[in-house]
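Below: the structure, in structure tokens.
Computed from the coordinates by the stated procedures, all read-outs in this text should not be read as laboratory data. Every value quoted in this text rests on a predicted model; they were computed, and no experiment measured them. In this analysis, Cβ positions are derived from the backbone assuming ideal geometry, glycine residues included, and neighbour counts consider all displayed protein chains.
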Amino acid sequence: MDCRPAPAGRPHFDIGDIVRRHRPALEATQGLTPTQRRVLSAIERCRTAALGGHLDVCRSCGYEQPAYNSCRNRHCPKCQGLAQEKWIDARSRRLLPVRHFHVVFTLPSELRALARFRSKILFDALFRAASETLLDLGRSRLGADLGITMVLHTWKRDLGFHPHVHAIVTAGGLALSGERWIDSSRRYLFPVEVMGELLRGKMIDALRAHHRRGDFDRFDDFEDPEGFERLIAKLAKVDWVVYAKKPFGRADHVLQYLGRYTHRVGIANSRLVDVTDRRVIFRTKNGKTATVTPVEFLRRFVQHVLPPGFVKIRHFGLLAGTCVASKLAVARRLLLQREKPVDARAPLPASWSERLLLLTGRDAHRCPRCGDALERTFLASSPRAPPSSVAA
């Protein structure tokens, strides 16, 4: 595998290289879904001549640099930076000037096999159960509607399958009467044990409903007529893990923090330590690393490809789309009457080159050697290039 030194400031290794080299071996040992194949095709062509691009030339010093188009696939580790900043820019207009809690809801290990079999059903159920848990507790314990943003992740740092949702929750909510803002405790939102019990009950109810409708037909573990009830019995006994962090000190920290989660994929190129034809070493956590074969690395990577069209970032309560012009607007007005307004983020420029300059300090229209203007020649894509926008 070609592992030449990378340009300064860029990762030394590229997941795209692993895909190009070892995808045939992966497909020889494991059947891939059409969506997984599309994702791998996008990643292996991302920022290569296959997608076209442009050639920048400086007539003053002779500098030349080709730049190829990105695939824009949401699973690609190289295509999320600008998308993340655009998302943060858009969401900043809905930010409420209050403290926020970070709460994580996790599917127990007993449900991972079923989640692989019917991922969309299980992920939708987790979103629904977690959001209803928070909204129900907000109404019963605070007498208020909360504002919630949730993001689905399916991985651990070693790329193991570990579905969970990150929730950023307002530390309080709009009173059910709509007349005032009610703050939560400054130390915690709700007891994690209570949230775990509610989550368990709601998920078990959802599983029973899907089972009655036949949504889990042909799942191996349920071929035994008692298989489903055995699973439910196990789920009723285990603790459902809910983790809550202390609230953010300032509201304007929320989006930067959440932005780290919204557009993250299972692994970034920057975590690759060493790549050869026989092994891939990547960083996990606490200074540790994992070593796997390239085929095993790809097998772990593709299990995190989401169902086509699946929405992994969702908003509930005050932040739901149906509440933006009503309850959210009322909550903002009430809060701004008592709080110092949060400084608004300057809107991102419209063009990609202006965004690049703002985010990185690099002027794409100037030669990095001498600073003179660059001349740009556009390069055609190959006939087999993927569509201009791939969002599998």
Q | lysines whose Cα lies under 18 Å from that of residue 78, excluding same-chain neighbours fewer than 8 positions away | A | 86
(Q) For the ranges 67-75, 50-58, what's the packing order if you count other beta-carbon atoms within 10 Å of each residue, average per peptide, and put the highest first? (A) 67-75, 50-58
Q) All other residues with a Cβ under 9 Å from the Cβ of residue 162 taken together, and with Lys, Arg as +1 and Asp, Glu as -1, what is their net charge? A) +2
Q | Sites residue 373 and residue 186 - FRET efficiency at Förster radius 45 Å, r taken between beta-carbons, to 0.05 | A | 0.25
Q) Quick one: if you stick a label point 7 Å off each Cα along the C-beta vector at residue 270 and residue 21, how many nm between them? A) 2.3 nm
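Could you tell me which of the pairs 156/237; 120/312; 202/312; 202/237 are separated by over 22 angstrom between their Cα atoms in the structure shown? Intermediate results must be reported in sequence, preceding the final value.
Numbers: 156/237 24 Å; 120/312 10 Å; 202/312 20 Å; 202/237 14 Å.
Table pairs above 22 Å Cα-Cα are 156/237.
What does the charge dipole of segment 268-344 about its Cα centre add up to, to the nearest 20 debye, if the Cβ of each Lys and Arg holds +1 and the Cβ of each Asp and Glu holds -1?
On the way: 15 positive and 5 negative charges, 50 e Å.
With Lys and Arg at +1 and Asp and Glu at -1, about 240 debye.
Divide, for segment 10-162, the radius of gyration over alpha carbons by 2.2 N^0.38 Å, where N is the residue count.
Working: Rg = 21.3 Å, N = 153, 2.2 N^0.38 = 14.9 Å.
Rg over 2.2 N^0.38 Å, computed on Cα atoms: 1.43.
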Q: Treat each spin label as a single point 7 Å out from the Cα along the C-beta direction, and report the residue 57 to residue 223 distance in nm.
A: 6.5 nm
**Q.** Extension gain from residue 89 to residue 366, taking 0.36 nm per residue of separation minus the Cα-Cα distance
**A.** 97.1 nm
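Using only the Cα atoms of segment 162-255, construct the convex hull and provide its projected area averaged over every direction, in square nanometres to one decimal. Walk me through the numbers on the way to the answer.
Working: hull surface 36.6 nm².
That works out to 9.1 nm², a quarter of the Cα hull's surface.
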